[in-house]
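Each reported figure results from applying straightforward, stated rules to the coordinates on display, with no laboratory input. These numbers come from a predicted model, not from an experiment. Please note: Cβ atoms are built from the backbone with ideal geometry, for glycine as well, and neighbour counts cover all protein chains shown.
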Amino acid sequence: MASQEGKYNIKAISNMVGIQPGTLRAWERRYKIFNPVRNESGHRLYTEADFKKLKWLTDKVSNGFTISQAVSLLETESANIHQTADQSEVETPQRLKDQILHHLLSFEESKAQELINHAFSLYSVEQVVIDILGSLLVTVGDMWEKGKITSAHEHYATQLLKTRISMLFYSLPSSGLLPKAIAVCGPNETDEVGLLVFTLFLRRKGFEVIYLGSSIEERDIYLILKEVNPTFFFMSCTMMENAKKTVDLACDVQGEFPHLKIGLGGFVFEMLDGKDKERVSSFLLGNSKNEWNEWLTEKLAEHHNQ
C-alpha cells in the first residue's frame, strides 16, 4: 500500500510538521510511536501514515497538550489522525473533545464549560453526552491509570463532567405514563460513567428513573424495589471480577420479583462464556443506542401484555 511506502526523509517530514529532527528522534526513542523504514543507504524514510500521525501529535502539542498526554490520547482512542488540514478546523465532536480536555487538564473551568455549551449548540444531547462528555470521562480515567495525569487532574475533570451530565439529567421532565426504573452500579462497582449516560438516555425518552449511582448494599436493593415497585431495574458492571456477582444478583432479584424487567449494561458481559452468558442473555442491554431502543421496545411490549 502507498501509505506504507517510505517517502519522506527526516529533514523533509520535520519541515512539513514544524519540529526539529532532534525532537522527532527523541519522540521515537522515548515513545516508540514510529518505526521508519530504511533506504539502501540506511537513512530513515517515513510513510504517509507516519506523516499523518506526526501531524496529529504536533497539532495536539500546539494546542497545549504535553507530548506524553498526546501520545496517551493516540494510544487510548480511535482518533481520526487522517483528517486533512482543512477538516481539522471543523468543530467535529473529536476536536471539541480535545479542546475541552485541554482546558480541563489546565483547570480552566469557564473555558471548558463554554466549549461544552458550544457542543450542545451544534449536536444532539445524546451525541454530546455519549460521544463527547462520556467519552471524555473514559479518557480521563485511562490517562490517570497510565500515570499521564495526577489524581488532582482526574478528580477535577471527572467531577465537572459528571456534574454537567447530572444537571442535564435532573432538568429533564419524566412522563407519568411511562414505567418507573431504578438504576444502580453492580456489586462493588464504583464507575458510574456508563450508567449515568444510559439513565440520561432513559430520561430523554421520558422514563422516571431513580438513579442510585455507585454500588449499594444488596439488602437495600431489595428494600427499595419493594418500596418503589418499578417496572425496570438496571445495573452496570465494568470490571470482570464483579461480573459474576452482578449476574448472581440479577438472577436472585428476578426470582424475588418475577415481573421485574432487568437490564444489565457494560462491555464486560460480552466477555462472559458458557452458563453465565446464557443465564443473562435476556438481561443484556447491548452497548449502543440502537440496541438500547430494541431492548426497551421488546420489554415494554412484554410489560403491556402481562
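Centre-to-centre separation between the Cα atoms of the stretch 1-74 and those of the stretch 222-270: 48 Å.
Per-residue ellipticity at 222 nm from helix content only, as computed over the chain with -39500 (n - 2.57) for each DSSP H run of at least four residues, stands at -17000 deg cm²/dmol. Within the straight-line cut-off of under 14 Å between alpha carbons, the aspartates and glutamates reachable from Lys244 are Glu189, Asp252, Glu270, Asp273, Asp276, Glu278, sequence neighbours fewer than 8 places apart in one chain being disregarded. Normalising the average separation of contacting C-alpha pairs (under 8 angstrom, six or more residues apart) by the number of residues puts the relative contact order of the chain at 10 percent. Candidate values (1) 151; (2) 134; (3) 169 were compared with volume of the Cα convex hull per residue in Å³ computed on the shown model; the agreeing label is (3).
Bridgeable lysines around Lys32 (alpha carbons under 17 Å apart, same-chain partners fewer than 8 residues away excluded): Lys52, Lys53, Lys55, Lys146, Lys148. Where a Cα-Cα gap under 23 Å defines reach, which lysines qualify for Lys289, not counting those fewer than 8 residues away within the same chain? Those lysines meeting the cut-off are Lys97, Lys162, Lys180, Lys205, Lys261, Lys277, Lys299. The residue list Gly18, Ile216, Gly265 was ranked by how far each Cα lies along the charge dipole of the chain toward its positive end, using unit charges on Cβ atoms, and Gly18 comes out on top. Against the empirical 2.2 N^0.38 Å (N residues), the stretch 1-63 has a Cα radius of gyration ratio of 1.05.
Quick check for me: using +1 on Lys/Arg Cβ and -1 on Asp/Glu Cβ, what's the dipole size of the chain about its Cα centre, in debye to the nearest 20?
On the way: 33 positive and 40 negative charges, 183 e Å.
So the magnitude is around 880 debye.
Would you mind telling me the antiparallel percentage of the DSSP bridges in the chain, rounded to 5? Before the final figure, lay out the partial values.
Details: 3 of 19 bridges.
So the antiparallel bridges in the chain amount to around 15 percent.
For the stretch 170-207, the set of trypsin sites (Lys or Arg not before Pro) satisfying both a DSSP loop assignment and a count of at most 15 other C-beta atoms within 10 Å is given as Lys205.
From the square roots a ≥ b ≥ c of the eigenvalues of the alpha-carbon gyration tensor of the stretch 173-305, which class results: rounded (a/c under 1.5), prolate (a/b over b/c), or oblate? Rounded.
Can you work out the FRET efficiency for the pair Leu177 and Val61, with r the C-beta to C-beta distance and R0 = 45 Å, to the nearest 0.05?
Values: r = 52 Å, r/R0 = 1.17.
For Leu177 and Val61, the calculated efficiency is 0.30.
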